[in-house]
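Chemist: Below is the structure I would like to discuss, written out as structure tokens.
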Amino acid sequence: MPSLVSQRRPCSVEHDDGSPTGEKAPQKIAHILTSPLPKCFAISRSVAEARGKAPIAANDTVVARSCYWTKGLSSGLSSRLRALSSATRVIIGLARCDPGLIRSFRKARSRTSLNVHTRAQCGNILVQALCRVPLTSRIRQSNGGHMQLRRLVPVFLRRLLLLVFCIALNSCQSHKANSGPSIEFTHIPPAAQGGRERVDTISGRVRDARPNQQIVIYAHAGPWWVQPWPDHPFIPIKADSTWSTETHLGFEYAALLVDRDYYPQPEMDVAPTQGGSVALVTIVKGVGTPQLAPTGSLKFSGYDWGVRMIANDKGGTNNLFDAENAWTDANGALHMQIKKKGDGWSCAEIFLNRSLGYGTYSVTLRDTSHLEPPAVFTLYTFEDSAGEQHYREMDVEVSRWGDAANKNNAQYVVQPFYTPGNVFTFAAPSGTLTNVLRWEPGHATFKTFRGGSAGAGARLVSEHEFTSGIPLPGNAKPRLIFYIVASDKKPMQKPSEVVVEKFEYLP
């Protein structure tokens with residue numbers, strides 16, 4: 001509507017007395033305050049002359065900027081305001097107006113959000129209306145009936161610029177004062193399921209570390225494991241602020257900036273967090289598509305199972321696992337072995353390839369009275385990625401836990417084991433036993449029977465029901481593991497074997 005409204009004025013400026021002020025500073029002011037803001041209009045004499053034309057578009061902000069209006073314009077402007085029913089905001093900044101014109105403006109309030117303000121208030125109103133035109137205009141009627149436009153830079157704009165500058169300066173100073181240490185990674189290992197055999201280098205740089213602070217690395221593969229080993233967790237920060245270490249692989253890696261009094265846990269179920277002696281934690285994902293560890297496979301009791309082939313620290317010691325340590329015989333029974341390998345021992349673990357959820361799980365196990373004291377056989381549920389849920393783990397465990405004199409050689413567990421009431425121990429007799437877990441919402445009932453069945457007539461050896469902290473199934477899968485716990489009293493002396501006759505599941 002070119003004949004109706006005039007766009008934002010040029011940035012040349014005059015004082016009230018008509019002397020030019022120069023254009024550079026006002027142009028900068030105008031650019032800063034108006035460039036990111038919505039279009040703004042100034043009502044000029046053409047408004048009064050445009051009666052009967054189309055109304056200004058909805059959502060326009062119509063502003064008459066601090067003008068001298070005369071009675072000659074009152075009638076025309078009043079008519080124009082009656083046509084502004086679609087305008088969402090009309091702001092009039094007046095310096096000197098006759099009462100009749102003001103009354104005309106106020107009559108339009110029933111159809112528009114019209115507000116009438118004096119020249120002193122006009123600058124503040126323009127800012128509130130997101131119409132920050134940095135110039136005010138003064139319209140004066142000459143003897144020939146023409147108007148002369150003069151512009152000046154209001155005092156409030158100069159003050160506004162000073163305020164913006166002060167805020168920006170304070171923000172910079174505040175940012176500098178609040179800046180703390182940061183950790184950058186210069187080399188990130190692949191995203192992969194870890195194991196003793198799979199290692200890489202992780203490195204980075206620390207900025208603004210305090211003297212004597214060090215780096216600790218955790219790799220996430222199931223639990224969060226301290227790297228590279230629990231007995232060597234601290235990584236020094238070099239004089240050039242860099243650090244580097246070997247790490248076992250994981251899906252994520254956490255770098256901790258720690259004080260000298262920090263004691264790192266060998267493993268954690270959840271990601272490490274900042275606080276106390278941990279000044280900063282930075283976590284990154286491993287590089288590339290996540291790779292699962294290689295596994296073997298076998299069929300047992302009508303199900304497809306994976307066979308573990310990489311090491312873990314279950315039992316407080318580093319256990320190796322070989323696929324050849326788990327196999328089935330001609331009768332379909334599963335043999336799981338712990339065998340000597342080099343200077344250590346290799347163990348056996350199998351896991352179902354799918355989750356079964358709520359239901360009844362049972363294993364029939366041949367005589368285990370001959371097992372070495374540190375050897376452990378376990379039927380358990382487990383989900384690798386559910387550390388915050390304690391991996392949804394529940395266990396039936398057969399072991400003397402490294403103590404040959406221990407009369408209670410079996411137990412039922414709902415993790416975490418350290419919560420009071422989450423462990424129930426008992427003495428399991430020699431001979432074939434069937435261990436059962438009935439998993440229901442809010443209930444986990446464990447039972448052990450003599451013989452190869454839990455059916456009618458079976459002799460009950462032990463029973464316990466847990467009703468607190470029972471996990472939801474999620475993606476937990478049943479697992480069978482035969483491994484070694486750390487034992488100073490009675491370390492492993494000779495190979496050992498368990499034979500699982502069958503595994504059963506009933507919904």
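Chemist: If you go through the range 392-399 one residue at a time, do you hit one that is buried (at least 20 other Cβ atoms within 10 Å of the Cβ), under 34 Å from the mean Cα position of the chain (by Cα) and outside any strand (DSSP E or B)?
Modeler: Filtering the range 392-399 down to residues buried (at least 20 other Cβ atoms within 10 Å of the Cβ) leaves 392-399.
Then keep just the ones that are under 34 Å from the mean Cα position of the chain (by Cα); that gives 392-395.
Among the residues that remain, those that are also outside any strand (DSSP E or B) are: 392-393.
Yes.
Chemist: Could you list, in sequence order, all residues of the range 418-429 that are at pLDDT 95 or above and outside any strand (DSSP E or B)?
Modeler: Going through the range 418-429, the residues at pLDDT 95 or above turn out to be 419-429.
The answer is 419, 420, 421, 422, 427, 428, 429.
Chemist: Continuing with this model, one more query. Please work out if residue 325 is modelled with pLDDT under 95, within 24 Å of residue 368 (Cβ to Cβ) and touching a strand residue (DSSP E or B) at 6+ places or on another chain (Cβ under 7 Å). Write out each step before concluding.
Modeler: Numbers: modelled with pLDDT under 95: no; within 24 Å of residue 368 (Cβ to Cβ): yes; touching a strand residue (DSSP E or B) at 6+ places or on another chain (Cβ under 7 Å): yes.
In short, no.
Chemist: How about the range 326-361: which of its residues are in contact with a His (Cβ under 9 Å, 6 or more places away or on another chain) and touching a residue at least 24 places away in the same chain (Cβ under 8 Å)? Give the steps one after another, and end with the answer.
Modeler: Residues of the range 326-361 in contact with a His (Cβ under 9 Å, 6 or more places away or on another chain): 326-329, 348.
326, 327, 328, 348, listed by residue number.
Chemist: Quick check on my filter: what residues within the range 336-354 are open to solvent by 20 Å² or more (accessible area, probe 1.4 Å) and not small (Gly, Ala, Ser)? Working first, answer last.
Modeler: If we filter the range 336-354 for residues that are open to solvent by 20 Å² or more (accessible area, probe 1.4 Å), which is where we start, we get 337, 339-345, 351, 353-354.
Within the range 336-354, 337, 339, 340, 341, 343, 345, 351, 353, 354 qualify.
Chemist: Restricting to the range 213-254, and then to whatever is without any contact (Cβ under 8 Å) to a residue 40 or more places away in the chain and part of a strand (DSSP E or B), can you tell me which residue is farthest from residue 390 (Cα to Cα)?
Modeler: Among those that are without any contact (Cβ under 8 Å) to a residue 40 or more places away in the chain and part of a strand (DSSP E or B), it is 235.
Chemist: Being in contact (Cβ under 8 Å) with a residue 40 or more places away in the chain, under 30 Å from residue 475 (Cα atoms) and not charged (D, E, K, R) narrows it down to one residue among 298, 280, 257; which is it?
Modeler: Values: 280 fails: under 30 Å from residue 475 (Cα atoms); 257 fails: under 30 Å from residue 475 (Cα atoms).
Result: 298 is the single residue among 298, 280, 257 that is in contact (Cβ under 8 Å) with a residue 40 or more places away in the chain, under 30 Å from residue 475 (Cα atoms) and not charged (D, E, K, R).
Chemist: For the range 363-375, give me the residue count where each residue is outside any strand (DSSP E or B) and under 25 Å from residue 436 (Cβ atoms).
Modeler: The total comes to 6.
Chemist: Just checking, does the range 298-309 include any residue being open to solvent by less than 50 Å² (accessible area, probe 1.4 Å), among the aliphatic types (A, V, I, L, M) and in contact with a Pro (Cβ under 6 Å, 6 or more places away or on another chain)? Steps first, please.
Modeler: In the first step, residues of the range 298-309 are kept if they are open to solvent by less than 50 Å² (accessible area, probe 1.4 Å); the result is 298, 300-301, 303, 305-308.
Of the ones still in play, those that are also among the aliphatic types (A, V, I, L, M) are 298, 307.
Subsequent filtering for residues that are in contact with a Pro (Cβ under 6 Å, 6 or more places away or on another chain) retains none.
Within the range 298-309, none of the residues are open to solvent by less than 50 Å² (accessible area, probe 1.4 Å), among the aliphatic types (A, V, I, L, M) and in contact with a Pro (Cβ under 6 Å, 6 or more places away or on another chain).
Chemist: Shifting gears a bit: Would you check which residues across the range 452-502 are surrounded by 18 or more Cβ atoms within 10 Å (Cβ to Cβ) and within 35 Å of the chain's Cα centre (by Cα) and list them?
Modeler: Correct list: 466, 471, 476, 477, 478, 479, 480, 481.
Chemist: For residue 449, indicate whether it is crowded, with 20+ Cβ neighbours inside 10 Å, more than 45 Å from the chain's Cα centre (by Cα) and within 16 Å of residue 398 (Cβ to Cβ). Even if it seems obvious, please write down each step before you answer.
Modeler: Details: crowded, with 20+ Cβ neighbours inside 10 Å: yes; more than 45 Å from the chain's Cα centre (by Cα): yes; within 16 Å of residue 398 (Cβ to Cβ): yes.
Taking the combined requirement at face value, the residue satisfies it.
Chemist: How many residues are closer than 29 Å to residue 268 by Cβ, in contact with a strand residue (DSSP E or B) (Cβ under 7 Å, 6 or more places away or on another chain) and either surrounded by fewer than 21 Cβ atoms within 10 Å (Cβ to Cβ) or not aliphatic (A, V, I, L, M) (or both) when one looks only at the range 355-382?
Modeler: Residues that pass the stated criteria total 10.
Chemist: Hey, another quick one. Looking at the range 191-211, which of the residues that are in contact with an Asp or Glu (Cβ under 7 Å, 6 or more places away or on another chain) and open to solvent by 10 Å² or more (accessible area, probe 1.4 Å) is farthest from residue 308 (Cα to Cα)? Outline the logic, then answer.
Modeler: Let us first name the residues in the range 191-211 that are in contact with an Asp or Glu (Cβ under 7 Å, 6 or more places away or on another chain), namely 199, 201, 204-205.
Now drop any that are not open to solvent by 10 Å² or more (accessible area, probe 1.4 Å), which leaves 199, 201, 205.
Details: 199: 18, 201: 24, 205: 36 Å.
Taking the candidates together, the pick is 205.
The values are calculated or read from the model by the stated rules, or taken from the named source; none is laboratory data. Just so we're clear, the structure is a prediction, and the values are computed from it rather than from any experiment. A quick note on method: Cβ atoms are made from the backbone with ideal geometry, for glycine too, and the neighbour counts reach across all protein chains shown. Note: accessible area is taken over every heavy atom of the protein model, side chains too, but ligands, DNA and RNA are not part of it. Shrake-Rupley method; radii C 1.70, N 1.55, O 1.52, S 1.80 Å.
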